[in-house]
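Novice: My structure is below; once you've seen it, I'll send some questions.
Any read-out appearing in this document is the output of simple, stated calculations on the displayed coordinates, not a laboratory observation. A quick note: this is a predicted structure, and the numbers were derived from the prediction, not measured. Note that we place each Cβ from the backbone using ideal geometry, even for glycine, and neighbour counts take in every protein chain shown.
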Amino acid sequence: MRAFDTRATAVGRSAAQRSAVNRLGAKVTWNRFGTVGSLTKRRGWLATGLSGDAEGAARELLRSNAGLFGLSPAGVDGLELVNDTRLTGSDAHVVLFRQSFGDLPVVGGGLVSVGLSDGKVVHASSSLGRSDALAGEQRLLAQYA
């Protein structure tokens, strides 16, 4: 069975998202789903003073910028931890999460990675979709049953 994607070819960004980028003083690229593709700063950090382990700090960044990434706070909490990789020879980590809708993991996207060290975030990138809910309906044709 072939996958079928009902999303539009490109989703625009909202005024709130553009405002959040300005507030961070960041440089952003957008993915086709209307959320952050890549988020960096030329000088300085995207966030500082984040507490806890790398996963907790990454979730804190995403929670405080949930709208920018097209998520609700509950959507951030629902992200599945895929990997927390400590970079060799440093205290830096890259934390990777996967998005799902209910029990359905996103295929062909739905990932967000956060690069951080000592509670400071240097980079985030994603292929997240904007919504926490599926649209449309699930259908199975008789030939695939």
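Novice: First measure r as the distance between the Cβ atoms of residue 18 and residue 72, then evaluate 1/(1 + (r/R0)^6) with R0 = 22 Å and state the FRET efficiency to the nearest 0.05.
Specialist: Details: r = 19 Å, r/R0 = 0.87.
Calculated value: 0.70.
Novice: Still on this structure: Just flag the trypsin sites (Lys or Arg not before Pro) in region 26-106 sitting in loop per DSSP whose Cβ has no more than 12 other Cβ atoms within 10 Å. Let's see the in-between values first.
Specialist: Values: sites: 27, 32, 41, 42, 43, 59, 63, 86, 98; in loops: 32, 41, 42, 43.
In loop regions of region 26-106 (DSSP not H, G, I, E or B), the sparsely surrounded trypsin sites (Lys or Arg not before Pro) are 42, 43.
Novice: Here's another thing I want to ask about it. Quote to one decimal, in nm, the extra length available between residue 111 and residue 45 on full extension: 0.36 nm per residue of separation minus the C-alpha distance between them.
Specialist: On the way: separation 66, 0.36 × 66 = 23.76 nm, distance 2.14 nm.
That pair, residue 111 and residue 45, stretches by 21.6 nm at full extension.
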